[in-house]
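Read the structure below first, then the notes.
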Number of protein chains: 2
Amino acid sequence: MTPAQSRLVAAARDAFGPRAAVTDPDLIEPWLHDWRGRFHGAAPAILQPASTAEVSRLVALAREEGVALVPQGGNSSMVGGATPPSDGSALILSLRRMNGVRAISAADNLAVAEAGVILSDLHEAAATVGRRFPLTLGARGTATIGGLCSTNAGGTQVLRFGTMRSLVAGVEAVLPNGAVHDGLAALKKDNRGYDLDQLLIGAEGTLGIITAASLRLFPAIAARAVGWLGLDSPEQALRVLRRLEADTEAIESFEILPAGSLAAALAYLPDARAPLAGQHRWHVLVEAVSTTAQGEGPSALLERLLESMLAEGLIKDAAIAASEAQAEALWQLRDALSAAERAQGPAAQHDISVPVAAMPRFMLEAAAACEARFPGTHASGFGHLGDGNIHFHVRAAPGMSAGQWYRELAPEVSRFVHDLVVAAGGSISAEHGIGQMKRAELERLAAPGDLAALRAIKAAFDPHELLNPGKLVTLAPAGATI
Amino acid sequence: MTPAQSRLVAAARDAFGPRAAVTDPDLIEPWLHDWRGRFHGAAPAILQPASTAEVSRLVALAREEGVALVPQGGNSSMVGGATPPSDGSALILSLRRMNGVRAISAADNLAVAEAGVILSDLHEAAATVGRRFPLTLGARGTATIGGLCSTNAGGTQVLRFGTMRSLVAGVEAVLPNGAVHDGLAALKKDNRGYDLDQLLIGAEGTLGIITAASLRLFPAIAARAVGWLGLDSPEQALRVLRRLEADTEAIESFEILPAGSLAAALAYLPDARAPLAGQHRWHVLVEAVSTTAQGEGPSALLERLLESMLAEGLIKDAAIAASEAQAEALWQLRDALSAAERAQGPAAQHDISVPVAAMPRFMLEAAAACEARFPGTHASGFGHLGDGNIHFHVRAAPGMSAGQWYRELAPEVSRFVHDLVVAAGGSISAEHGIGQMKRAELERLAAPGDLAALRAIKAAFDPHELLNPGKLVTLAPAGATI
């Protein structure tokens, strides 16, 4: 621990009690790595403020002392966004003690949740007032509101509700000088200059530390229907989605996967059964919901809408879950895809997006291009077709060691995939963010003007790189201007 | 014209032809004032690029020459946001020649419109493909896409569709160094760092010049119903809205006005008739729409939903327009409110928001507080109750001259109103922006940390204040940090 770090830790304990800082290495250790074990950092202490006022004071003190801070919630980043630098130069600033739901109102359809509130706890709090916070994802039992805001998280319900950016009415955040930005008032219209809430959402803690958020709630779900479709191509899948959307606003999820991914999930999950009897090249999980018990329920709706497409041959086969247990079983197949594919061998995974209309073709052409360029590999994508966002995996050729793959080939594969994405007008990070994993690729591929703008914003807020250093973007070389 | 300005004008004509710059004072004159005649500026020339490449070149040249530029579309700002400085130090950069709809797709529900496209022209273009761009406002025949994006415009359909920020999938903009930011790809998910699109939306041309936008389209309206309600209080009006929203997603507009505003509109509009027979203290215009011709139409829906509230006495009286002509007549009453109130005498007008739930009480208490503090004045608000946004007008005491009012009392009244708004956790600019009219008030009332952040962003992008100088925010005093 440097002398400056020691002074900061001592000041935290003096001001806010012994719980305000953890220095026991055994207690720190679990928070030094990302959950996939790809990034390993070091930190001599974890600061644990219990309130916005404490965060404000610690950030101001850290700036005075020149100590870098790595904000951390559930530590479920997919891109090493919450892992400290490996040289121990930064302290972790945990928001986990700030886990209060400050307010929740069914009448206003709003909740104010502190940064450390775990997503599944917010789901439960909303349910108790007959409401729903619609964003959800695999890590809902771990991910926190602060991290979800800071990474503009997506998940499986984006089709209808958008990403966090659409669901956050405003944030409270501590700016790099310790000042508190209070955007919690949840004004539906507010044009007082540049939108600081929107700037902080997705900034990965590099411009300020989000301490709470006002979140939009929606009517609770009365009924849902989960269907499974077999079809011939991603292009047909998108046509099915467009047909459904023309008839109803009830579609919340539309997840595509190829036959190989389904096979991997079936092999990975004990007791899992294939949803359809026959073989199909592509599969779709579709979910429709209803917020009232009246009228045609979502199962009947889905059945009616799918019928004509089955008759036309646009869909080859379809099944609708007959019970909540069956619906859960279908979702388990979807949720297992990442882990199931990892179990098949070393792979390079890419969280990418292109315009929705271009995605069906991109899925096929990118996979073919990868397999041609890297013989023996297997490439395929699955995920959020309706959002133009898939997780595109390239698996190592059989027999290649994990070490050789990750050291030698995977980075080259990823650059190749990212080049294809950029050529298609897409994004190399659809929902996971940049963190440390994609920083070099962002710097390689961003438009020079855009990169200069990102760096200028970072320099304006945090010129000494004390907030989440090494993540998202580094400062510009001296003399660069936007 | 300064030598630097002359060189810029000459370079524009050399490179892009005679139409690229206007120097005839008669042709410039109409663009030197805001439409309400409150702000008067001077400019020796108007630059008129015809493409993004031309804007890029002109912005780069202007930076080299140190010449300030005031971007201008329809010049319908409510806050002097497009009026040049009075000392002639800036040239106007008109986007009006860039008026092409580059692409429009019903399948993708997207249009790409250049900055100079007039809103009503976009409405028509969308209609030709069976789609609709939902944002609309009184100045739709004048306001341009670039200005609407740059001011994050609102209007009367925000209740369901949000402001421009929600409707813009991405923007193309020329950054202060001439680099082009291309965010037009309309990716539904894109987490490549700070969101430059969102930063440029609402930045009033002070960080870059928006040259085109990807805009979200929605299904065209098949039928609409416009109703007029008489009731006792804003609080009852909000209860009616909440009841409607619990039963349907069809409500697009919900505009409140007091009896006095209706009387002013009836006096102002020739041939206008009162929508209801009796007298009521408060009135509401409500619009419900349907995008299909099937099922219960919006008139029947509205009638059914209002019936029980009439029976309960929550609504005192209601009428639903029986024809499109009647519907238009109701909307004309609403659209005439600003002009009608101006015709009653000098007034101070405020575009303000507070949290929706707090608005009913705020409307009454702020009016009473104003009238008590400034004897003889008449204070009242009307507008977008469901957005928590009203236009709050304070009319001068009878007999006071316009000169005396605007010079002496109106600024004090506005500061008083803004203090009430801030105390209620609201915004002094809900939808009109800051421009030059509200800059001093923003600097007086913004949280110090927020103001420092706005200034730091401005300094990072435009350290010499060459883009729309004097609007939104000025640079920080030397040495200030965020």
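Bear in mind that the values in this text are calculations on the coordinates, not laboratory data. This is a predicted model, so every value here is computed, not measured. No Cβ is skipped: glycine too gets one built from the backbone with ideal geometry, and neighbour counts run over all protein chains shown.
Overview of values
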item	result
Cα centre as origin, Lys/Arg/Asp/Glu Cβ charges: the stretch B:345-423 dipole, Debye	100
Length-normalised contact order of the stretch B:3-94 in % [C-alpha pairs under 8 Å, at least 6 apart]	35
Global geometry of the stretch B:223-337, whether rounded, prolate or oblate, following the gyration tensor of its Cα atoms and the 1.5 cut on a/c	oblate
Charge sum, other residues only, whose C-beta stays under 11 Å from B:S150's C-beta, Lys/Arg counted +1 and Asp/Glu -1	0
Residues A:L95, B:L445, sorted so that the one with the fewest Cβ neighbours within 10 Å comes first	B:L445, A:L95
Qualifying GluC sites (Glu not before Pro) in the stretch B:207-251, DSSP loop, other Cβ atoms within 10 Å at most 16	B:E249
Furthest towards positive pole of dipole, A:H391, A:A143, A:G205, structure part chain A, Cβ charges	A:G205
Pseudo-label separations to other copies for B:E249 - Cα-to-Cβ vector, 7 Å, nm	0.4
Rough spin-label spacing in nm, given labels placed 7 Å along Cα→Cβ, for B:E408 and B:Q279	3.4
Taking the stretch B:345-423 and dividing mean pair separation by its residue count, relative contact order in percent (alpha carbons under 8 Å, at least six apart)	41
A:D108 long-range amide H proximity, modeled H, under 5 Å	none
Residue-wise HN-Hα coupling along the stretch B:307-322, computed from phi with Karplus coefficients 6.51, -1.76, 1.60 (Hz; x: Gly, Pro)	3, 5, 6, 5, 4, 6, x, 5, 10, 8, 7, 8, 9, 10, 4, 8
Qualifying aspartates and glutamates (Cα of each under 12 Å from Cα of B:K188; at least 8 residues distant if same chain)	A:D387, A:E431, B:D108
Against the rule of thumb 2.2 N^0.38 Å, how large the Cα Rg of the stretch A:235-286 comes out	1.31
Residues whose placed amide H lies under 5 Å from that of B:A318, excluding near-sequence neighbours	B:G230
Filtered GluC sites (Glu not before Pro), the stretch B:373-482: DSSP coil and at most 14 other beta carbons within 10 Å	none
If the convex hull is drawn through the Cα atoms of chain A, its volume per residue in Å³	161
Lys, Arg +1 and Asp, Glu -1 on Cβ, resulting dipole of the stretch A:378-441 about Cα centre, debye, nearest 20	140
Unit charges at the beta carbon, dipole of the stretch B:3-94: most positive-side option, B:A10, B:G37, B:T52	B:T52
FRET efficiency for A:A60 and B:R19, using Cβ-Cβ distance with R0 set to 60 Å, rounded to 0.05	0.65
HN-Hα J in Hz across the stretch B:106-121 - Karplus 6.51, -1.76, 1.60, θ = phi - 60°, x for Gly and Pro	5, 4, 8, 6, 9, 10, 10, 10, 6, 4, x, 5, 7, 3, 5, 5
Shape of the stretch A:358-482, Cα gyration tensor, a/c cut at 1.5	prolate
Positive-end residue of A:S323, B:V101, B:A272, charge dipole of the protein assembly as shown with Cβ unit charges	B:V101
Total charge dipole magnitude, the protein assembly as shown, about the Cα centre, Cβ charges on Lys, Arg, Asp, Glu only, Debye to nearest 20	800
For peptides A:451-459, A:16-24, A:128-136, sequence by mean Cβ density within 10 Å, most packed first	A:451-459, A:128-136, A:16-24
Hits among lysines - C-alpha to C-alpha of B:K458 under 16 Å, sequence gap 8 or more where chains match	A:K458, B:K471
Pairwise centroid distance, computed over Cα atoms, of the stretch A:141-156 with the stretch A:1-75, Å	21
Residues B:H283, A:H391, sorted so that the one with the fewest Cβ neighbours within 10 Å comes first	A:H391, B:H283
Qualifying aspartates and glutamates (Cα of each under 13 Å from Cα of A:K316; at least 8 residues distant if same chain)	A:D232, A:E307
Distance-filtered residues of the stretch A:268-305 - backbone nitrogen under 15 Å, label point 7 angstrom along A:Q332 Cα→Cβ	A:268-275
Size descriptor, Kirkwood hydrodynamic radius, that averages inverse alpha-carbon separations across the stretch A:132-219, Å	13.2
Residue-wise HN-Hα coupling along the stretch B:398-413, computed from phi with Karplus coefficients 6.51, -1.76, 1.60 (Hz; x: Gly, Pro)	x, x, 6, 6, 4, x, 4, 4, 5, 7, 9, 9, 4, x, 5, 4
Taking chain A and dividing mean pair separation by its residue count, relative contact order in percent (alpha carbons under 8 Å, at least six apart)	14
Nonlocal amide H pairs with A:G435, under 5 Å, H built at 1.01 Å	A:L472
Computed [θ] at 222 nm, helices only, for the protein assembly as shown once each DSSP H run of length n ≥ 4 contributes -39500 (n - 2.57)	-10500 deg cm²/dmol
Least to most buried among A:T206, A:T292 (fewest other Cβ within 10 Å first)	A:T292, A:T206
